[in-house]
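Working notes, structure below.
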Amino acid sequence: METFPGAVVGLGPGKGTYQYTSRLIPWLRQNASQFDAVVVRGIWQYHSLGVWRALRHSPTPYVVFTHGMLDPWFKMQYPLKHLKKWLYWPWAEYRVLRDADAVLFTSEEECSLARESFWLYRCNERVVNYGTSAPPKDSACQKAAFLATFPETQGKRLILFLSRIHPKKGCDQLIEAFSSVAARDNKLHLVLAGPDNTQWRSGLVTLAQKVGIQDRITWTGMLSGDLKWGAYRAAEVFVLPSHQENFGIVVAEALACGVPVLISNKVNIWREVLADNAGMVADDTLRGTEQLLNDWLDLPSDAHEAYRKQATLTFRSRFNMRSAAEGLVDVLAEVVKNNQPHAG
């Protein structure tokens, strides 16, 4: 296991869900001058407010990654929680974002949506790349490991869903949509991979039985290592009809493996995927999911191959972790430069 190259300072444990710790602000005030800049990851917990309180009058700049936490989907889905956040917003997170040297979003869509959650909103918006590392190179062994572990998938045209088994992900409409296209080719097979932390799988199995495709679905549970990468390698196409997805690392992983993606327009990198022709996009509805599957199946094999080639190119140009790191470094360098005292 590789060791982290920097020093790690523990200031916790934090108290409660808010993760309050009295040690954060004194430590930041004492040590801020040692750093060129501070990166805050996420909001709605004490660490973001603590950074604001410690650094708002400091020469050390800070930037904030919101990581989708301002998506208006949460406002519509959890109105009572949103009301609670409104009570907190004006004197805390609004100020955190307002006074940050930059607020970082991982896609144009995330940036646009963030403006819709609270009418009191002002910040220096910046969009930076985000992504994941390239997959391990032994693709043949990874694919073989997956097919050997789940032999019913051998020789099939695999449609892969890999994410949490959660209502937000649209698994129910995916099962129904698959049932509407399954008769088009007996080799079509749906793989539903991911942890079932909400205990929803039993209901989805009942749904699959109801629509008559229970024997056309493989439930793998959570996959990791060679089995996870093997699922991508074995798949013809990846599908994620999510109702809300800030970025979708699994989408980037699929593209990294040369797998085209069928995603909803609630996956925030849908504009980039569509612009590059690395996949297809539709509404996060049953009809939209059916459209994705039918449109994919209507394509000739040479078009499938073109999508596969473009998937790899899109990963390399947009979602490779190296390019993401370079984009963040560029923003930080600009922020630091802007905070340097002017001569004169």
Inset, instruction - Note down the magnitude of the dipole of the chain about its Cα centre, charges +1 on Lys and Arg C-beta and -1 on Asp and Glu C-beta and zero elsewhere, to the nearest 20 debye. - result: 1040 debye
Legend entry - Dipole of the chain, positive end: most advanced residue of Y94, L313, Q214 [Cβ charges, Cα centre]: Y94
Inset, instruction - Using a Förster distance of 51 angstrom, determine the FRET efficiency expected from the C-beta separation of A7 and L297, and round it to 0.05. - result: 0.45
Inset, instruction - Could you tell me which of G10, C257, C111 has its Cα farthest along the dipole of the chain towards the positive end, charges placed at Cβ (Lys, Arg +1; Asp, Glu -1), taken about the Cα centre? - result: G10
Legend entry - Gain on full stretching of the segment that runs from N338 to R322 - 0.36 nm per residue minus C-alpha separation: 3.3 nm
Legend entry - Spatial separation of Cα centroids for region 4-60 and region 160-189, in angstrom: 43 Å
Legend entry - Residue-wise HN-Hα coupling along region 111-116, computed from phi with Karplus coefficients 6.51, -1.76, 1.60 (Hz; x: Gly, Pro): 4, 5, 5, 4, 6, 9
Inset, instruction - Mind checking which of L49, F35, F65 is farthest towards the positive end of region 33-104's charge dipole, using Cβ charges of +1 (Lys, Arg) and -1 (Asp, Glu) about the Cα centre? - result: L49
Inset, instruction - Measure nothing but the geometry: give the 0 to 90° angle between the long axis through the Cα atoms of 286-298 and the longest principal axis through the Cα atoms of the chain, rounded to 10°. - result: 60 degrees
Legend entry - Cβ charges +1 (Lys, Arg) and -1 (Asp, Glu), total dipole of region 191-274, debye: 180 debye
Legend entry - Cα-projected label distance for R271 with D36, points at 7 Å along beta-carbon direction, nm: 2.9 nm
Inset, instruction - Counting residues in region 5-124 as N, plug N into 2.2 N^0.38 Å and put the Cα Rg over that result. - result: 1.09
Legend entry - Nonlocal amide H pairs with M280, under 5 Å, H built at 1.01 Å: V261, L262, I263
Legend entry - Estimated distance in nm for a label pair at R115 and V329, the labels positioned 7 Å out from Cα along Cα-to-Cβ: 3.2 nm
Inset, instruction - Round to the nearest 10 and give me the degree value, 0 to 90, for the angle of helix 79-88's Cα axis relative to the longest principal axis of the chain. - result: 20 degrees
Inset, instruction - Consider the candidate values [x] 22.3, 77; [y] 22.1, 94; [z] 32.6, 120; state which one is Rg and Dmax of the Cα atoms in Å computed from the structure displayed. - result: [x]
Legend entry - For the chain: relative contact order, % (alpha-carbon pairs under 8 angstrom, 6 or more apart): 16 percent
Legend entry - Full-extension gain in nm, E152 to A306, via 0.36 nm per residue minus C-alpha separation: 52.7 nm
Legend entry - Estimated FRET transfer efficiency (T206, L313; beta-carbon r; R0 56 Å; 0.05): 0.85
Inset, instruction - Please give the peptides 239-245, 74-80, 46-52, 25-31 ranked by average Cβ packing (other Cβ atoms within 10 Å per residue), highest first, as a rough proxy for protection. - result: 239-245, 46-52, 25-31, 74-80
Legend entry - Length added when fully stretched, R98-K84, from 0.36 nm per residue minus Cα-Cα: 3.0 nm
Legend entry - ³J(HN,Hα), Karplus 6.51/-1.76/1.60, whole Hz, each residue of region 207-218, x for Gly, Pro: 5, 4, 5, 4, 8, x, 10, 4, 8, 10, 10, 10
Inset, instruction - May I ask you to give the percent of accessible area on the chain that is carbon plus sulfur, with a probe radius of 1.4 Å? - result: 52 percent
Inset, instruction - Taking amide H positions as placed in the peptide plane 1.01 Å from N, state which residues far from V40 in sequence (5 or more) or on other chains have amide H under 5 Å from it. - result: V63, V64, F65
Legend entry - Accessible area in square angstrom per residue, the chain, 1.4 angstrom probe: 50 Å²
Inset, instruction - Evaluate the Kirkwood expression for the hydrodynamic radius of region 193-269, namely the inverse of the mean inverse distance over all pairs of different C-alpha atoms, and round to one decimal in Å. - result: 13.8 Å
Inset, instruction - Let me have the 222 nm mean residue ellipticity of the chain computed from DSSP H runs of 4+ only, each contributing -39500 (n - 2.57), with the sum over all residues rounded to the nearest 500. - result: -13000 deg cm²/dmol
Legend entry - Degrees separating the helix 301-314 axis from the principal Cα axis of the chain, which is the longest one: 20 degrees
Inset, instruction - With +1 on each Lys and Arg Cβ and -1 on each Asp and Glu Cβ, and nothing else charged, work out how big the dipole of region 94-230 is about its Cα centre, in Debye to the nearest 20. - result: 200 debye
Inset, instruction - Of the listed pairs K266/K337; K228/K266; K75/K309, which have alpha-carbon separations greater than 28 Å here? - result: K266/K337; K75/K309
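The values are calculated or read from the model by the stated rules, or taken from the named source; none is laboratory data. Just so we're clear, the structure is a prediction, and the values are computed from it rather than from any experiment. Using ideal geometry, Cβ is built from the backbone for each residue, glycine included, and neighbour counts are taken over all protein chains shown. Keep in mind that these areas ignore ligands, DNA and RNA; they rest on the heavy atoms of the full protein, side chains included. Shrake-Rupley method; radii C 1.70, N 1.55, O 1.52, S 1.80 Å.
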